[in-house]
Amino acid sequence: MSITGPGSITALNLAAQNNMFTQLDTLSTELGTGEASQTYSGLGSQAGLALSLETQLSALNGYNNTASDVGTTLTLGQSVLTQLGDVSNSAQQTVAQQAAFSLNSDGQTAAQQTAASDLDQILSLLNTQVGGNYLFSGTAVNQPSVASTSDILNGNGTQAGLTQIISQRLQADEGVGDMGRLSTTVGGAGSSTVTLSGDGSPFGFQLASVNSGLTGAAVTGPSGTPPSIAVDLGSNPNAGDSIAFNLTLPDGSSQTITLQATTASPPGANQFTIGTNAAATATNLQTALTTAVSNLAQTALPAASAMAAANNFFNSDPPQIVDAGSPPNYATAMSLTNGTAANTVFWYTGENGSTPTLQTASAQVGPSITVDYGMRANEPALSALVANVAVLAATTYSASDPNAQTNYQTLCQSVQANLAGQSGTQSISDIEGDLANAQTAVSDATTLNTQTQNTLQDMVQNIEGVNQNQIGEQILTLQNSLSASMSVTARLAQLSLVNYLAPSSG
């Protein structure tokens, strides 16, 4: 038989104690970290699932960081748009509440000086940056969105600015005889036919229609190339009969010239005298028509011309300028042409591709959610604001011009109407609405990401985590067992053969 001595028992106890020390160390680590294992290999068959869940959590953290950045951009964009809306409202009030027409030494009113300051503010807002990126430059986030106020108004070297473009356009719209590119004729000696003709250019007045209430008259047109309206007085009209010529101005607005037949000589304003026969009456009608067109060219045309120039400068890509030929003669120009970087300031300096504006910036803010949040300074609502404020800042008037006040007031009325917005056109609130939808999408994505993160974290905890109360109980039990084992081992280590021998008798 084999005899197991104290030494063998002590060795077994020490091995058991080492094992308990190892278990105690492992449990202490789990209690301290809250994790079942410091490596995926320690998770056994659950390692693959845990790794997949951690990867998903990392991706969600990335989406939330992106959503935060996009949210900041959208918030700042909304702030800029709100301020632009405030400037627009203020400008409307300024032009609506005109005091006496008083020009400073530069030929401008106080309202126009205010417009120049407003333009500075608008352009500064459109050049807003976030994180070093220009908000309103489309995809070209590293370059300014708009040119400077000075360049836009006054030009830069050989590049014409708005002030020069307005001057050139007015020359083209007025034409050679200051008749707004229209002419009147009577068809030869003894003729009773009066003709009002355009010159076929896009400048000045365009013939829209004619409405005749003249007894015995035959009216045709506008027709032909260039277009014309013919009024054939087959007989003398009756006193009080009238005829109305409807004209379209360069900015798309309309004016009507109404002339009335009268027996008075000389006739009153917007009247023509009935002559001894139809031919004499036709001559009088031509004279009255020429005077009326000329008056309209001096009063309504300048403001409409300035607005047309501003629209072509700000709302066309590339800007449209008068093709004056070489050497340039703007009064006889027959068409518009594309401005180039060599001869015209391009006010919008950001990206201007075919991609819809909102899609020029996109970000994935969730596993299956992408948000579009791009902005451009040349969106219709924004370019219209710039154009209407800039046209006030760019125009000047002469105190010696008897029509200056009328021209100025007409321009102010147009600016006020345009800033108020036209039905069917984009408004600043429309852009704000697009950004608000993007903000909602970002917020919803963030909420969904957070909910998903909580679920995934619970799943990871079930795999990687430990029950700390249970671990604590295990450690206490292990400590008690270890203490008892160490006590037994210590006693066994003190045993020897002497302890088993009976004491000798005396």
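At a glance:
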quantity	calculated
Proximal charge balance of GLY204 [Cβ under 13 Å; K/R count +1, D/E count -1]	-3
Translational diffusion coefficient (Stokes-Einstein; Kirkwood radius from C-alpha pairs) of segment 233-311 at 20 °C, 1.002 mPa s, in µm²/s	158
Part-to-part distance (alpha-carbon centres) for segment 272-324 and segment 396-428, which is given in Å	18
Convex hull per residue volume in Å³, alpha carbons only, for segment 80-174	149
Segment 280-428: C-alpha pair distances exceeding 27 Å, %	44
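Only the coordinates and a few stated rules stand behind these numbers; no lab work does. Just so you know, these numbers come straight off a predicted model, no measurement behind them. Heads up, the Cβs are rebuilt from the backbone with ideal geometry, glycines too, and the neighbour counts pull from every protein chain shown.
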